[in-house]
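This report refers to the structure that appears directly beneath it.
The values are calculated or read from the model by the stated rules, or taken from the named source; none is laboratory data. Since this is a predicted model, take the numbers as computed values, not measurements. Please note: Cβ atoms are built from the backbone with ideal geometry, for glycine as well, and neighbour counts cover all protein chains shown. Remember, those area values only see protein heavy atoms, side chains included, never the ligands or the DNA or RNA. Shrake-Rupley method; radii C 1.70, N 1.55, O 1.52, S 1.80 Å.
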Amino acid sequence: MTSSLSLTRNQAKQLLKTLNNPFHKFLSVFQTNASIPQPPKLCVESASLRHTPHLFEKSPQPDLAQCNGLLFDYSRNNNNKEALNLFLGIHSFGLPVDGSTLSCVLKVCGCLFNVIAGRQVHCQCLKLGLLEDVSVGTSLLDMYMKTENVEDGRRVFDHMGERNVVSWTSLVGGYAQNGMNEEVLELFLTMQMEGIKPNPYTFAAVLGALASEGMVEKGVQVHCLIVKLGFKTVTFVSNSLISMYLRSGMGKDARLVFDGMATKNAVTWNCMISGFVTNGLDFAALETFYDMRLAGVKFAQMTFIPLIKLCANRKELGFTRQLHCRVLKDGFNFDPKIKTALMVAYSKCSEINDAFKLFSTMHEAQNVVSWTAMISGHLQNGEIQEAVKLFCLMNKEGVKPNDFTYSTILTAQPAVSPFQIHAQAIKANYEKSPSVGTAILDAYVKLGNIEEAAKAFEQIDERDIVAWSAMLAGYAQIGDSEGATNIFMQLVKEGIKPNEFTFSSVINACASPTAPFEQGKQFHAWSIKSKLSDALCVCSALITMYAKRGNIDNAYQVFRRQQERDLTSWNSMISGYAQHGHAKKALEIFEEMRRENMEMDDITFIGVISACSHAGLVDEGERYFNVMIEKHRISPTMQLYSCMVDLYSRAGMLDKAMDIINMMPFPAGATVWRTLLAASRVHCHLELGKLAAEQLISLQPQDSAAYVLLSNIYAAAGNWHERRNVRKLMDQRKVKKEAGYSWIEVKNKTHSFLASDHSHPMSYQIYSKLDELKMRLKDMGYQPDTDHVLQDIADEDKETILSQHSERLAIAFGLIATPPRTALQIVKNLRVCGDCHTVIKLISLIEGRDIVVRDTNRFHHFKAGSCCCGDYW
């Protein structure tokens, strides 16, 4: 023993006075012989020691039983700091200790998460030779496990001479507490092989681990063993079974266990309510709550929180207020977690003022969780500026935002700058957090800044499936199918299992006109193999992809195979048929939707009116527009007004189109004026064209379409002087005309063509094919319509220009590069001219080919000399 253990009684009392000093270190008390490594110094925190001096004053030499009695009393009452200080006092008097003393102190060290003190007690155990005591060894093992030193705990277990069920249970429970769930099951099997019969506490630990790993099949086997050993009547074991079944989504099995319990405690009832809410079984949760009240079980914090969450999810304001009253009645009104849950519920029920009143009463209890809940509530209710003010005030009050705060405030665009929030997140070391990193990249995606989004994505430490899906969605938004495909393949390579949202995003990217068509089909097949092709978001993406890539029949097949359809699925199918000019089919889908009493939105009617517009169904379009306003109470948006302007403009009813523009409750946007300008060009209405062009140029001075269409109107009218003035204005403002080009995909390779293009390797064969077609067209009586060449040149030159339009080059290449009867699909970035439309109809007849051409307006399906548009586009 060291000299500190032979102090006089007065010196010991003086030493005890120093125990209240939080910076006093007691190394000498725990020094051991040279053969044992010296443990680190122990810093004892300040604690009340009222009883400790009394113990030593009452008895000149307190016995071991007195000391252990007081030590156990402190430990039982969770006065762990006092217990540790008492132990130090015992040593300062040089009093003897036994296994019970050290077991109790080790438990205290574990509860205090004080591994330094625990290691020092470990040294004392070694010195006194008490490690052979199974209770001491078990307590030491438990201390290491509680302080997350799993390897040290396992080492203690492996060196224990005697192990009992408590030792094994401590080891199993320790692995479970530290999330090492696979090892838990292995240890559980090993202990039984060694002849150790599990006790109820063993089963509780094992069931928790199995629930975390989703190994419910093994859990059912463990349940059978519990019944066999007669532990099903132990309440906390049944509670663990209920928790496992509910966490695995097996509500019926949990209910069977619950109903079979002879004794239920508050934990049982709360576990059932919470589990039902988590699994979306709201009625079952409410029924259980009602039964709990009838059974006279006292409500606890964990009774109210899941029920309030239920109200928030269902936006049930009335029941929220009733629960709030019960919270006040039961004295939980000062509980910060319950208050925060109520704030969230009121916010989701659009009662943001009530939520803020609760927040204001929290005062000192206001923490980052309550601040974040309040910010989120304002955002959910459209009060973006108020949310930003709260975020700024939160920082001013010294409350540091957490990852949820940053993720929430990043959705407040455009009121906040993603660059500024990103900088704050970097400063707070949150930019690598999956939730924050994903929110940052999503914010950049919404700005169209895919480069910054990709950088944010690369910074995320542990990218989860949400982050991958967000990055894929970013590439899909800008139509970068190659970038999306690369991300998807990287995801798979890293062993991440794609989910339905991942497939939805990558399939949406394949809907881009520049994406290889076969790529979309491959991802469709992949989704089928992954058993995710029936997911709502995947089906909607597939319908959109097939419709946008010209295969409306495949889109319809996906639509018909859907077991469940949401609004997006219906809208995608209606819009798809509208784009392809199948107005009748689009309206049939709409009427079917009405019969099924599906809720409709503005997107639904945009598709319906567009379908009417492409088919010249003016009366029907008007009727549906009125039905939308009068029956469905949908206020027309700018896009809907644009559809009505297009409906009238295509039909040559330009006065009615102007009436729509004049009656709009807000200024007409660029899309509206562009639609009217294009119609003015088609119907040669010079004055209206000038008006539309002036309005469009004022809104978008760098948009070449306005200048080009206006110059074409002047050219069509033979006013070459004004046409030259418009072109000169373009040069002065440095506005570049968008070059017309077409592309075709052959053998998974995309071939692009400009008008009069000679850059293709097969250019000679292409022009030879065009010359051949020219002769065959002439034999069929075709005469070029040179009115579509709006240049002041000779008719012969106009004919040459027409014959070398980009779509004709693409078709000629397709004819020589693919086998006979193969369907061709062409995409053009501008509107197909009238002469090319006539020529393609004839080519489809001459060559016996189905030809699909997608221009900026719609799809044209050419077959056997006719087009699905009926020459109305």
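Under the criterion of Cα pairs below 8 Å and six or more residues apart, the relative contact order for region 414-462 equals 37 percent.
Once you sort the root eigenvalues of the Cα gyration tensor of region 565-629 as a ≥ b ≥ c, which label holds: rounded (a/c under 1.5), prolate (a/b larger than b/c) or oblate (the other case)? Because a/c hits 1.5 or more and a/b fails to exceed b/c, region 565-629 counts as oblate. Take 709-715, 124-130, 460-466 and order them by the average number of nearby Cβ atoms within 10 Å per residue, most first; the result is 709-715, 124-130, 460-466.
Principal semi-axes of the equivalent ellipsoid, √(5λ) from the alpha carbon gyration tensor of the chain, are 75, 30, 28 Å from largest down.
Reported to the nearest whole Å, the Cα centre-to-centre distance from region 415-480 to region 146-198 is 42. The modelled label-to-label distance for the pair Met653/Asp795, using points 7 Å beyond Cα in the direction of Cβ, is 3.7 nm. Taking the Kirkwood radius as Rh and the Cα radius of gyration as Rg, region 152-290 has a ratio of Rg/Rh equal to 1.01.
Protection proxy ranking of 108-114, 332-338, by the mean of other Cβ atoms within 10 Å over each peptide's residues and highest first, is 108-114, 332-338. Note on region 333-482: the C-alpha convex hull projects to 9.3 nm² when averaged across all orientations. Solvent exposure of the chain amounts to 48 Å² per residue of accessible area, where only protein heavy atoms count and the probe is 1.4 Å. From the Kirkwood radius over Cα pairs of region 718-796, Stokes-Einstein at 20 °C and 1.002 mPa s returns a whole-number translational diffusion coefficient of 132 µm²/s.
May I ask you to list the GluC sites (Glu not before Pro) in region 590-646 that are in a DSSP loop and have at most 16 other Cβ atoms within 10 Å of their Cβ? In loop regions of region 590-646 (DSSP not H, G, I, E or B), the sparsely surrounded GluC sites (Glu not before Pro) are Glu596, Glu599. Just to verify a number: FRET efficiency for Asp282 and Met193, C-beta to C-beta distance, R0 = 45 Å, to 0.05? Calculated value: 0.50.
In loop segments of region 693-797 as defined by DSSP, the GluC sites (Glu not before Pro) with at most 14 further C-beta atoms inside 10 Å of their C-beta are Glu738.
When the square roots of the Cα gyration tensor eigenvalues are ordered a ≥ b ≥ c, the ratio a/c for region 530-594 is 1.5 or more and a/b does not exceed b/c, which makes its shape oblate.
Split the accessible area of region 414-462 by element, probe 1.4 Å, and carbon with sulfur accounts for 49%. Its convex hull of Cα atoms gives region 479-551 a direction-averaged projected area, equal to a quarter of the hull surface, of 4.2 nm². Rounded to 0.05, the FRET efficiency of the Ser866 and Ala415 pair, given R0 = 41 Å and the Cβ-Cβ distance, is 0.15. The helix-based estimate of mean residue ellipticity at 222 nm for the chain, built from -39,500 (n - 2.57) per DSSP H run of four or more residues and divided by its residue count, is -20000 deg cm²/dmol to the nearest 500. Measuring against 32 Å, Cα to Cα, the residue pairs Lys497/Lys749; Lys252/Lys446; Lys747/Lys841; Lys493/Lys863; Lys427/Lys529 contain Lys252/Lys446; Lys493/Lys863; Lys427/Lys529 as the ones spanning a longer distance.
Add +1 for every Lys or Arg and -1 for every Asp or Glu among the other residues with Cβ under 13 Å from the Cβ of Lys218, and state the total. Summing Lys and Arg as +1 and Asp and Glu as -1 gives -4. Using R₀ = 22 Å, calculate the FRET efficiency as 1/(1 + (r/R₀)^6) where r is the Cβ-Cβ separation of Lys584 and Glu622; round to 0.05. About 0.80, to the nearest 0.05.
Here the accessible area of region 223-295 is 58 percent carbon and sulfur, with a 1.4 angstrom probe and all protein chains present. Counting 0.36 nm for each residue step from Asn178 to Thr263 and taking away their Cα separation leaves a gain of 27.6 nm.
Under 21 Å of direct C-alpha separation, and excluding same-chain neighbours fewer than eight residues apart, Lys197 reaches these lysines: Lys218, Lys228, Lys232.
Cα to Cα, under 25 Å, and not fewer than 8 places away if on the same chain: which lysines meet these conditions relative to Lys656? Qualifying lysines at Cα under 25 Å: Lys584, Lys631, Lys690.
Region 780-859 and region 98-131 have Cα centres lying 89 Å from one another. What would the Debye equation give as log₁₀ I(q)/I(0) for region 508-664 at q = 0.09, 0.13, 0.15, 0.20 Å⁻¹, counting only Cα atoms as equal point scatterers? For region 508-664 at q = 0.09, 0.13, 0.15, 0.20 Å⁻¹, log10 I(q)/I(0) is -0.32, -0.63, -0.80, -1.20. From the square roots a ≥ b ≥ c of the eigenvalues of the alpha-carbon gyration tensor of region 741-867, which class results: rounded (a/c under 1.5), prolate (a/b over b/c), or oblate? It comes out rounded by the Cα gyration axes.
Listed by chain and number, the lysines whose C-alpha is less than 16 Å from the C-alpha of Lys146, apart from same-chain residues fewer than 8 away, are Lys107. Each Lys or Arg adds one and each Asp or Glu takes one away; over the other residues whose Cβ falls under 13 Å from the Cβ of Glu183, this sums to -3.
Here the alpha carbons of region 256-372 define both size measures, Rg and Dmax, at 14.6, 46 Å. Net length available on complete extension from Glu186 to Arg293 is 34.4 nm, with 0.36 nm assigned per residue and the Cα-Cα distance removed.
With 0.36 nm allotted per residue and the present C-alpha distance subtracted, the Lys427-Lys396 stretch has 9.5 nm of extension available. Computing the accessible area with a 1.4 Å probe over protein heavy atoms, can you report the carbon and sulfur percentage for region 627-689? C and S fraction of accessible area: 55 percent.
With a simple spin-label model that places each label point 7 Å from the Cα along the Cα-to-Cβ direction, the separation between Glu132 and Asn486 comes to 6.9 nm.
Entry note, the chain: relative contact order of 4 percent, from Cα contacts under 8 Å with a spacing of 6+ residues.
Here is the size of region 636-738 from its Cα atoms: Rg then Dmax, 13.4, 41 Å.
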